[in-house]
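Please read the structure below before turning to the comments.
The values are calculated or read from the model by the stated rules, or taken from the named source; none is laboratory data. Computed from a predicted structure; not experimentally measured. Cβ placement follows ideal geometry from the backbone for every residue including glycine, while neighbour counts extend to all protein chains displayed.
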Amino acid sequence: MRRRVAITGMGLVTCLGTGVDENWNQLTGGHSGIRPITLFDPKRCQTRIAGEVPSEFDPMQYVLLKELRRLDRHQQIGLVAACQAVEASGFVFPPADPYRYAVIIGSGIGGLSTIEAGYEVLREKGPKRMPPMMIPMAVINLLPGLIAMRFGLKGPNFGVVNACASSASAIGEAYRLIASGSADMAITGGAEAVVGEFAISAFNALRALSTRNDEPAKASRPFDRDRDGFVLAEGAGMLTLESLEHAKNRGANIHAEIVGYGATSDAYHVVMPDPNGAGACQAMRLAIQDAGIEPERVEYINAHGTSTDLNDKTETLAIKRSFGKFAYKLSISSTKSMTGHALGAAGAIEAIFTALTLERGIIPGTLNLDSPDPECDLNYTPKVMVKRSVEYAMSNSFAFGGQNVSLLFRRT
Amino acid sequence: MDDIEKKIVDLVAEVLVDVNKENIRLDSKIVEDLGAESLDIYDMVALLEDEFGMEISDEEVEKIRTVQDVADFIKASQKKS
């Protein structure tokens with residue numbers, strides 16, 4: 001017997017701000033979080049803009065100063081978002097049976113910035129000076145470990161590494177653990193913070209990033225004819241999921257339910273999506289089948305919508321293949337137009353936005369969609385948000401490497 | 001406390017999450033009194049090496065018990081160089 005899975009708590013730290021409501025206000029107000037880079041001097045890089053978590057970000061509310069220096073920035077941001085989600089859930093940890101509580105967290109490149117800084121120390125000062133916290137700050141499974149330590153959770157615990165689909169995969173796996181009865185509750189989501197010379201220049205070498213340095217707020221323009229790549233961003237999104245029974249027993253506030261998870265691979269190319277969109281299409285179909293509904297019940301898709309030439313075309317094609325003539329009735333938007341692309345954290349950030357769309361009846365717009373690419377001819381909710389009451393909504397996440405993840409949510 | 005000793009207390013306090021700086025005395029035993037674990041020791045050694053521009057071998061670390069021992073070691077090696 002499959003159990004229903006409810007979202008009962010959410011936490012967000014993005015370039016739009018800290019906290020779910022602050023993010024939602026910025027998002028529905030149509031504000032971009034993309035600005036000139038301040039975290040390092042980008043003068044040698046082709047791209048000099050990013051979505052940085054604003055300097056007002058204050059982890060001290062949740063993390064002791066002395067702990068902070070032992071955490072990579074993605075761990076700091078992730079821990080704060082997890083604390084927000086737990087606080088919002090109203091659940092008091094540690095639980096009576098801690099082995100029923102899971103922590104599944106995604107990140108694409110984890111402590112890359114720490115590795116980058118550590119390598120400088122190695123070259124300049126030698127191996128003896130390597131900071132002892134290098135490995136714990138670098139590896140991706142430490143954040144789920146830290147969250148478990150903070151709240152005393154001893155159930156299944158792992159990091160999920162799946163590039164830009166990491167946290168969507170994490171949420172999907174957590175959903176399955178609860179649905180199957182292996183866990184009663186999970187903290188899940190993702191965190192990413194790699195805005196540094198290393199990552200910016202590496203993505204520039206792939207020709208993946210926008211170089212619209214003079215107009216940062218206009219740089220992320222999914223589905224627009226003049227898009228020129230994605231904008232790298234930092235961020236974390238964390239959710240508490242629980243079995244409906246567990247949530248109801250304690251009178252928890254339920255934001256939405258997760259009802260479907262589809263995961264596939266393109267088996268096609270290291271960085272390009274399959275131009276036929278077959279894998280992406282199948283991920284969406286699987287999520288819909290998982291929910292046991294007809295495709296036309298889905299009314300909104302929070303698109304992967306990266307603002308790269310290939311993603312936006314291929315995703316459009318895949319949506320058309322999945323939904324047929326109903327594709328044109330869907331509301332679609334890419335919130336990356338405002339948040340930029342937080343890689344492994346993007347799926348969780350967008351899962352939260354999708355849940356908020358269900359809960360609040362508002363579809364965020366796709367900022368900067370001035371003149372749509374002729375190959376992108378669906379309803380992407382250009383520029384401004386619209387009010388639409390939606391029962392089922394989907395969030396897509398696709399990865400370099402060919403991984404496709406679709407999550408399906410239902411209004412409670 | 002002299003400047004070196006004060007600096008050492010600062011670094012020890014920076015590493016040890018649960019210890020108030022006011023409770024760190026020169027005769028405090030770093031492991032027994034202040035509760036440092038192995039990772040804390042490695043972290044302190046790295047900070048001390050960076051601050052005082054010197055190397056502290058694992059054998060030397062083994063001999064150190066108190067904050068005073070750290071200060072004595074650093075002063076002695078500063079005299080040598």
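Does any residue in the range A:145-172 that is closer than 23 Å to A:ALA283 by Cα come within less than 7 Å, Cβ to Cβ, of a residue that is assigned to a loop (DSSP other than H, G, I, E, B) and basic (Lys, Arg) six or more places away or on a different chain, and which pairs are these?
From the range A:145-172, no pairs qualify.
Residues that are farther than 20 Å from A:GLN26 by Cβ and among the hydroxyl-bearing types (Ser, Thr, Tyr): find the helices (runs of 4 or more DSSP H) completely inside the range A:261-363 holding 2 or more of those.
A:309-323
In the range A:230-253, how many are surrounded by fewer than 24 Cβ atoms within 10 Å (Cβ to Cβ) and part of a loop (DSSP other than H, G, I, E, B)?
Going residue by residue through the range A:230-253, those that are surrounded by fewer than 24 Cβ atoms within 10 Å (Cβ to Cβ) are A:243-246, A:248-253.
Right, trim to part of a loop (DSSP other than H, G, I, E, B) and you get A:250-253.
Of the residues in the range A:230-253, 4 are surrounded by fewer than 24 Cβ atoms within 10 Å (Cβ to Cβ) and part of a loop (DSSP other than H, G, I, E, B).
Only residues that are away from chain B (no Cβ under 12 Å) and either part of a loop (DSSP other than H, G, I, E, B) or touching a residue at least 12 places away in the same chain (Cβ under 8 Å) (or both): list them for the range A:120-141, please.
Residues satisfying the conditions are A:ALA138, A:VAL139, A:ILE140, A:ASN141.
Only one residue in A:SER167, A:SER182 is away from every other protein chain (no Cβ under 14 Å) and part of a helix (DSSP H, G or I), so which one is that? Even if it seems obvious, please write down each step before you answer.
Numbers: A:SER182 fails: part of a helix (DSSP H, G or I).
Result of the check over A:SER167, A:SER182: A:SER167.
Taking the conditions exactly as written (part of a loop (DSSP other than H, G, I, E, B) and of a type outside the set (Gly, Ala, Ser)), does A:THR211 satisfy them or not? Walk me through it before giving the result.
Details: part of a loop (DSSP other than H, G, I, E, B): yes; of a type outside the set (Gly, Ala, Ser): yes.
Against the criterion (part of a loop (DSSP other than H, G, I, E, B) and of a type outside the set (Gly, Ala, Ser)), A:THR211 qualifies.
So which residues in the range A:314-336 are over 20 Å from the mean Cα position of the chain (by Cα) and of a type in the set (S, T, N, Q)?
Answer for the range A:314-336, where residues must be over 20 Å from the mean Cα position of the chain (by Cα) and of a type in the set (S, T, N, Q): just A:SER322.
Please go through the range A:1-56 and give me each residue that is acidic (Asp, Glu) and either buried (at least 21 other Cβ atoms within 10 Å of the Cβ) or not assigned by TED's automatic domain parsing to the domain that holds A:VAL194 (or both), ordered by number.
Hit for the range A:1-56 is A:GLU52, nothing else.
Quick check, is A:TYR261 over 18 Å from A:GLY172 (Cα atoms) and in contact (Cβ under 8 Å) with a residue 60 or more places away in the chain?
Here the answer is no, as A:TYR261 does not meet what is asked.
Go through (1) more than 28 Å from A:THR308 (Cβ to Cβ); (2) not acidic (Asp, Glu); (3) not in a helix (DSSP H, G or I) for A:THR188 and report which single condition fails.
(1)
Would you point out which residue out of A:ILE319, A:ILE332, A:ILE301, A:ILE293 is of a type in the set (A, V, I, L, M, F, W, C), surrounded by fewer than 19 Cβ atoms within 10 Å (Cβ to Cβ) and in contact (Cβ under 8 Å) with a residue 24 or more places away in the chain?
So the residue among A:ILE319, A:ILE332, A:ILE301, A:ILE293 that is of a type in the set (A, V, I, L, M, F, W, C), surrounded by fewer than 19 Cβ atoms within 10 Å (Cβ to Cβ) and in contact (Cβ under 8 Å) with a residue 24 or more places away in the chain is A:ILE293.
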